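Everything on this sheet refers to the single structure shown next.
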Amino acid sequence: MNSVIFQNCRNGVLVMNEGKVTLEDCDVSSSTVGNGVFVRDGGSASLTQCQMSKNNSSNLCADSGATCYAAHCRFYGARNGPSVLARGRQTSVDLFVLDEFVASLEKDIYMLNRAKVVINEDKCKNRQKWPKLKLNNAFSRKMPSADRR
């Protein structure tokens, strides 16, 4: 609670092997190599009122059967990847996002390999505001390829 996780040399927070973490009112930013919060191998994370920004790979990444729930968090851009990334079967990310962040996140969330992302599912009236969410195809696109030279 009430922590600043700043400029870690890898991931800001790493949860794996069915581990669990709860972050409340935390600032997770500027991880130099990895993700702000990286959950994998059946781990789970619950984030409430956190700020996620400027992490290298992504701000929140779920992989290999992980589950994440983020409520009332403020997401700002990651440096070299999407703000939210879900990848792998049986991987899910549930987001309850403030209205002001949905439009920017709609362009900055990626799902790979049958992962699932749900955003503001319990607020049906809000789904009408974002047609891509209403059609359930907002996040079914591939990650942009890196320009390698």
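The values are calculated or read from the model by the stated rules, or taken from the named source; none is laboratory data. All values derive from a computational prediction rather than experimental measurement. Every residue, glycine as well, gets a Cβ built from its backbone with ideal geometry; the counts of neighbours run over all protein chains shown. Each accessible area value is taken on the protein alone, full model and side chains, heavy atoms only, with ligands, DNA and RNA left out. Shrake-Rupley method; radii C 1.70, N 1.55, O 1.52, S 1.80 Å.
When restricted to residues that are open to solvent by less than 20 Å² (accessible area, probe 1.4 Å) and under 12 Å from Phe38 (Cα atoms), the range 66-82 contains 2. Being surrounded by 16 or more Cβ atoms within 10 Å (Cβ to Cβ) and of a type in the set (D, E, K, R) holds for only one residue in Asp63, Asp99, Asp25, and it is Asp63. Condition first: at pLDDT below 80 and in a strand (DSSP E or B). Can you find one or more residues in the range 118-128 that meet it? Checked the range 118-128: at least one residue is at pLDDT below 80 and in a strand (DSSP E or B). Quickly run through the range 28-54 and pick out the residues that are of a type in the set (Val, Ile, Thr), assigned to a strand (DSSP E or B) and open to solvent by 40 Å² or more (accessible area, probe 1.4 Å). Answer for the range 28-54, where residues must be of a type in the set (Val, Ile, Thr), assigned to a strand (DSSP E or B) and open to solvent by 40 Å² or more (accessible area, probe 1.4 Å): just Thr48. Of the residues making up the range 1-26, those that are in contact with an Asp or Glu (Cβ under 9 Å, 6 or more places away or on another chain) and in a loop (DSSP other than H, G, I, E, B) are Met1, Asn2, Ser3, Met16, Asn17, Glu18, Gly19.
Going by the conditions given, is Cys68 under 19 Å from Ser44 (Cβ atoms), among the hydrophobic types (A, V, I, L, M, F, W, C), modelled with pLDDT of 90 or more and out of contact with any Asp or Glu (no Cβ under 9 Å at 6 or more places or on another chain)? No. With the requirement that a residue be out of contact with any Phe, Trp or Tyr (no Cβ under 7 Å at 6 or more places or on another chain) and part of a loop (DSSP other than H, G, I, E, B), what does the range 66-83 give you? Passing the criteria: Ala66, Cys73, Tyr76, Gly77, Ala78, Arg79, Asn80, Gly81.
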